[in-house]
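Comments concern the structure below.
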Amino acid sequence: MPLERIRKLEEAQCALKDAMDRFLAKQTEQKQNKESADNALRSIQKFFGTFSSTGSATANALISVLNGISETIAENLDANDQYNESNEFITSDLQEMRDNLQQIETQVNDLQKNLNLRIKEHNNNISGNVSQVNNLQLPVPNTQLYATFN
């Protein structure tokens, strides 16, 4: 029985050691995550010129950086909205111009058809008149010509 009791104590001790190892791993991971976050925040602070002299990340510095970023984002969003509005305006103007162009093209085509029809009618009238003139027989005079000599 003493071996069984030693085995139970060792199992408890192994379980405790595993729990301590997991705790230390999580603590190390958390420390690394905090260092990574601090490094990222310092980079952001350097980028926006709000780096503190101690080099540590403070809540006020973070808020300042976020405010700077939010203003930049807001400006970009406003510019994007204006760009989209101007695109809509330009698109509607282009559509109106396209409609006007189609209307003008239709009028020009109608005018061209009308002119072609008039030219064809005029040519038919001229050729009809020429054929009538050709068919028209003028009377030949049957008077004799006398020559007068002095």
*Excluding residues on the same chain fewer than 8 positions from Lys120, give the aspartates and glutamates whose Cα lies under 17 Å from its Cα.*
Asp110
*What full-extension length gain, to one decimal in nm, is calculated for Ala19 and Arg7 as 0.36 nm per residue of separation minus the Cα-Cα distance?*
2.5 nm
*Given a Förster radius of 41 Å and the C-beta distance between Asp93 and Asn39 as r, what FRET efficiency does 1/(1 + (r/R0)^6) yield to the nearest 0.05?*
0.20
*asked:* Which lysines, if any, have their Cα less than 18 Å from the Cα of Lys8, not counting same-chain residues under 8 positions apart?
replied: Lys17
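FYI, it's all coordinate maths here, none of it is from the lab. Values in this document were obtained by computation on a predicted structure and should not be read as measured data. Using ideal geometry, Cβ is built from the backbone for each residue, glycine included, and neighbour counts are taken over all protein chains shown.
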